[in-house]
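The values are calculated or read from the model by the stated rules, or taken from the named source; none is laboratory data. Computed from a predicted model, the values in this text were never measured in an experiment. Positions of Cβ are backbone-derived with ideal geometry, glycine not excepted, and every protein chain shown enters the neighbour counts. The area values use the complete protein model at the heavy-atom level, side chains included, leaving out ligands, DNA and RNA. Shrake-Rupley method; radii C 1.70, N 1.55, O 1.52, S 1.80 Å.
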2 protein chains.
Amino acid sequence: MQQTATDSVGDITRYMRALGESARQASAALRRIDSGRKNAALDAIVERIEAARPALAKANQRDLENGRARGLSEALLDRLALTPARIDAMIAGVRQVASLPDPVGEIDGLRYQPSGIQVGQMRVPLGVIGIIYESRPNVTIEAASLCLKSGNACILRGGSEAAATNAAIAECIRAGLEDAAVPEAAVQIVATTDRAAVGELITMPEFVDVIVPRGGKSLIARIASEATVPVIKHLDGVCHVYLDAQADLDKAVAIADNAKTQRYSPCNTMETLLVHVDIAAVALPRIASIYRDKGVEIRGCDRTRGIIADALPATEADWAAEYLAPIIAIRVVDDFDQAVEHIGRYGSQHTDAIVTENVTMARRFLTEVDSSSVIVNASTRFADGFEFGLGAEIGISTNKLHARGPVGLEGLTTRKYVVFGDGHVRR
Amino acid sequence: MQQTATDSVGDITRYMRALGESARQASAALRRIDSGRKNAALDAIVERIEAARPALAKANQRDLENGRARGLSEALLDRLALTPARIDAMIAGVRQVASLPDPVGEIDGLRYQPSGIQVGQMRVPLGVIGIIYESRPNVTIEAASLCLKSGNACILRGGSEAAATNAAIAECIRAGLEDAAVPEAAVQIVATTDRAAVGELITMPEFVDVIVPRGGKSLIARIASEATVPVIKHLDGVCHVYLDAQADLDKAVAIADNAKTQRYSPCNTMETLLVHVDIAAVALPRIASIYRDKGVEIRGCDRTRGIIADALPATEADWAAEYLAPIIAIRVVDDFDQAVEHIGRYGSQHTDAIVTENVTMARRFLTEVDSSSVIVNASTRFADGFEFGLGAEIGISTNKLHARGPVGLEGLTTRKYVVFGDGHVRR
């Protein structure tokens, strides 16, 4: 763990490479540390956080005051605030991670081959993970505990607005690791707010195996375009619900409501509703009435506007929009194929759902829609590490390689081949 | 499938993007094609190759004549030659791929979650795969069949030396796909030898999901550094065998012999032998005598040279060398830790083996050596898709993300989440 000072790190390249080297060494040590000791470290971190509540509050106060002085918006200040309830949630999160099964070391598919050797695959940590995130200070502890539990060293780069809070949390982590005799460099916080540090972090593949950015789309897009280290990420969440001709009407209405209105800002919230022409006239008035009650603005295609008189006209841009707001685009489609084609063209391969009672349509949707999470008869809002049973989530990926969809502990590991022989040689 | 013409494609960027668009469309169609039809296409391709033996021989003759005129080495001409036996091997390879289980559509871990939804992961094709390879024309058919079986569209870019042969093979594939009513754009061959085509192929992530380069290290290094599409690859195979203090001497000698001398050029051939100091005096003379008989040059550390009098002195460069030749570097180490540290510092995370009768040392080696394939008491030469039971291999990866080690059909797929509900909404 680096000292909590902020901008006295000197030469940024040298500083970041030193963090990288320490992380690489810690990652080798972590491979030898068993589940019990990793859990002991997580427990110790919890105790340190409990004991540091006053210090955390004070540090957070400093960040909030600085933020106010710098004119941060109320929304940003709210995200920055570390209330007692949020500390409780942080602690519950660490305990939850400690309670999860350790994925490391699991051996799958160990089988004898004709040569007589036994071959299987063993789950192992990725190595060193760089996490880059914005103002929410709880990410510091969340990311650190997931990386630790999965046997990875991590380098955390939080937002400058939360520098004092992050440093105080970092001190709890450092002390907890020390209590459990786990190398302190297992979790390192970048102790400079200089933006050049991010540039270094994402371009040192010799020290960092993967980058997980958490934050707004512009941050993630910039990191993805500049990184030479692989990035686990998603950019957009343009999620669809398709109401098939044979949708159950009550399910259709409930899901169209929930997927849009349960919360507006998450990436798994529906942005476009596709409705088969055969049920549009029955389904859309009921759905529109709910949206109207909840203040959701409707932008529709011509056929939608023929049914929902007060809908605004949707433009081409609406089909690709991630509103993250009480706005919905609605399109009436001729058939299943048109729905799938629409999702392929405008979607972001994040999460898409079909509502249908027809098993063939359900099977086709699962096969033909190439998204990270594909859902039959449930809300897109379920696409989440906790709801999927991963126990925790470090992010959601729409990458094709490696983890797709919600990324939990397993997504922070990889598999290597292991071979057992008895002096076997190749003929 | 593009026409077999060579350099009449006009604007390279537009040409490559057209291939990409066709591949993307074919990949959507391939998601809907079942195992039976994919196998029927593979069978049809086999029949087309059988029927085209004279045409293949003629095309290959043209490449060989051009190659001789251009002064290609005998080794290169040999790799280029498509003998009847090699055609037999190509056919056997396609039949083998047809006989493998189809990985696509497999659903793992489908479980009910507390909310009532059922969540699992379904194996799906990556999408579009770009393969870039050098003179061996058999790669054309091998890569095409693996991609087809795993439901991926592919764009193949072979070496210019093999242009006529590759075009003739491509025509067999095109005809076979047509026979089985599979879209011809499922397999496309880049019909230009212009190097700019490679530059385009590796920088169009909107059309290509992954690049698999097959060839020399310089080709792969150049592709990896310039690609914006993920690359499945390994650069070096600096593989180690470590003879532990408690190695069985006969196994140690047999494995040290086989790992080095069974073949010198493969990437899984041992390049450095590490020997625990306690058994060096007993093991090394026996091993050296075998190497001497087989004409293997020994380069050793000082302690090695104290035992093997005629060994040359090893320099720092020898520890990092991938000889691919009858040369071996040998180092006597103080203990297990020094061996693991040596492998970590100089190795390439490809394949490393320990020879030991001690179960604790075996367990530690599996855990602490962070390589794609880690082997106990068997030769490194086993690290191969066929020997590992994958049935086929498109390459070997030392990447951390996605497939590590030998990459077969499964490595050409990814997993997405699938969710089944009954109208479930999130609370």
**Asked** Residues of the range B:352-396 being within 20 Å of A:G423 (Cα to Cα), part of a strand (DSSP E or B) and in contact (Cβ under 8 Å) with a residue 24 or more places away in the chain, which ones?
**Response** B:D352, B:A353, B:I354, B:V355, B:S373, B:I375, B:N377, B:A378
**Prompt:** Restricting to the range A:322-336, what's the tally of residues that are within 18 Å of A:Y291 (Cα to Cα) and buried (at least 19 other Cβ atoms within 10 Å of the Cβ)?
**Reply:** 6
**Request:** State all residues of the range A:393-408 that are open to solvent by 10 Å² or more (accessible area, probe 1.4 Å) and either more than 10 Å from chain B (Cβ to nearest Cβ) or under 13 Å from the mean Cα position of the chain (by Cα) (or both); if no residue qualifies, say none.
**Result:** A:E393, A:G395, A:I396, A:T398, A:N399, A:A403
**Prompt:** Can you name the residue in the range A:301-317 that is in contact with a Lys or Arg (Cβ under 7 Å, 6 or more places away or on another chain) and of a type in the set (G, A, S) and is also least open to solvent (accessible area, probe 1.4 Å) among such residues?
**Reply:** A:A311
**Message:** Condition first: open to solvent by 30 Å² or more (accessible area, probe 1.4 Å) and either among the aromatic types (F, W, Y) or more than 14 Å from every other protein chain (Cβ to nearest Cβ) (or both). Can you find one or more residues in the range B:374-386 that meet it?
**Reply:** yes
**Fill in**
Apart from one, (1) facing chain A (nearest Cβ under 9 Å); (2) open to solvent by less than 20 Å² (accessible area, probe 1.4 Å); (3) within 21 Å of A:K400 (Cα to Cα) all hold for B:R415; the odd one out is (2)
**Asked** open to solvent by less than 10 Å² (accessible area, probe 1.4 Å) and either part of a loop (DSSP other than H, G, I, E, B) or facing chain B (nearest Cβ under 8 Å) (or both), is that true of A:S348?
**Response** no
**Request:** Could you tell me whether B:R263 is open to solvent by 30 Å² or more (accessible area, probe 1.4 Å) and in contact with a strand residue (DSSP E or B) (Cβ under 7 Å, 6 or more places away or on another chain)?
**Result:** no
**Message:** Condition first: within 29 Å of B:G389 (Cα to Cα) and open to solvent by less than 10 Å² (accessible area, probe 1.4 Å). Can you find one or more residues in the range A:126-141 that meet it?
**Reply:** yes
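So which of A:A245, A:A254 is within 13 Å of chain B (Cβ to nearest Cβ) and over 24 Å from the mean Cα position of the chain (by Cα)?
The unique qualifying residue is A:A254.
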**Asked** Out of (1) without any contact (Cβ under 8 Å) to a residue 24 or more places away in the chain; (2) of a type outside the set (A, V, I, L, M); (3) in the same structural domain as B:S145 (by TED's automatic domain parsing), the odd one out for B:T414 is which?
**Response** (1)
**Failed item, numbered, when B:I232 is tested on (1) within 10 Å of chain A (Cβ to nearest Cβ); (2) surrounded by fewer than 24 Cβ atoms within 10 Å (Cβ to Cβ); (3) at pLDDT below 95** = (2)
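Is it the case that the range A:236-243 has a residue that's of a type in the set (A, V, I, L, M, F, W, C), farther than 28 Å from A:A143 by Cβ and open to solvent by 10 Å² or more (accessible area, probe 1.4 Å)?
no
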**Request:** Report yes if B:V340 is of a type in the set (A, V, I, L, M), surrounded by 16 or more Cβ atoms within 10 Å (Cβ to Cβ) and modelled with pLDDT of 95 or more, otherwise no.
**Result:** yes
**Request:** Could you check, for the range A:142-165, whether at least one of its residues is farther than 28 Å from A:R32 by Cα and β-branched (V, I, T)?
**Result:** yes
**Request:** Kindly indicate whether B:P183 is touching a helix residue (DSSP H, G or I) at 6+ places or on another chain (Cβ under 8 Å) and open to solvent by 10 Å² or more (accessible area, probe 1.4 Å).
**Result:** yes
**Request:** All but one of (1) within 13 Å of chain A (Cβ to nearest Cβ); (2) without any contact (Cβ under 8 Å) to a residue 24 or more places away in the chain; (3) open to solvent by 40 Å² or more (accessible area, probe 1.4 Å); (4) more than 18 Å from B:R37 (Cα to Cα) hold for B:A92, so report the exception by its number.
**Result:** (1)
**Message:** Is it the case, given these coordinates, that B:A196 is surrounded by fewer than 22 Cβ atoms within 10 Å (Cβ to Cβ) and farther than 14 Å from B:I155 by Cα?
**Reply:** yes
**Message:** Suppose we filter B:T272, B:T192 for residues that are among the hydroxyl-bearing types (S, T, Y), within 30 Å of B:V333 (Cα to Cα) and away from chain A (no Cβ under 13 Å); which single one remains?
**Reply:** B:T272
**Prompt:** within 14 Å of chain A (Cβ to nearest Cβ) and in contact with a strand residue (DSSP E or B) (Cβ under 7 Å, 6 or more places away or on another chain): does that describe B:E106?
**Reply:** yes
**Prompt:** Counting just the residues of the range B:353-373 that are over 19 Å from the mean Cα position of the chain (by Cα) and hydroxyl-bearing (S, T, Y), which one comes out nearest to the other protein chains (Cβ to nearest Cβ)?
**Reply:** B:T367
**Item:** Meets criteria (surrounded by fewer than 14 Cβ atoms within 10 Å (Cβ to Cβ), touching a residue at least 60 places away in the same chain (Cβ under 8 Å) and under 29 Å from B:E387 (Cα atoms)) for B:R292
**Value:** no
**Asked** In this structure, does B:E142 turn out to be charged (D, E, K, R), touching a helix residue (DSSP H, G or I) at 6+ places or on another chain (Cβ under 6 Å), away from every other protein chain (no Cβ under 14 Å) and outside any loop (DSSP other than H, G, I, E, B)?
**Response** yes
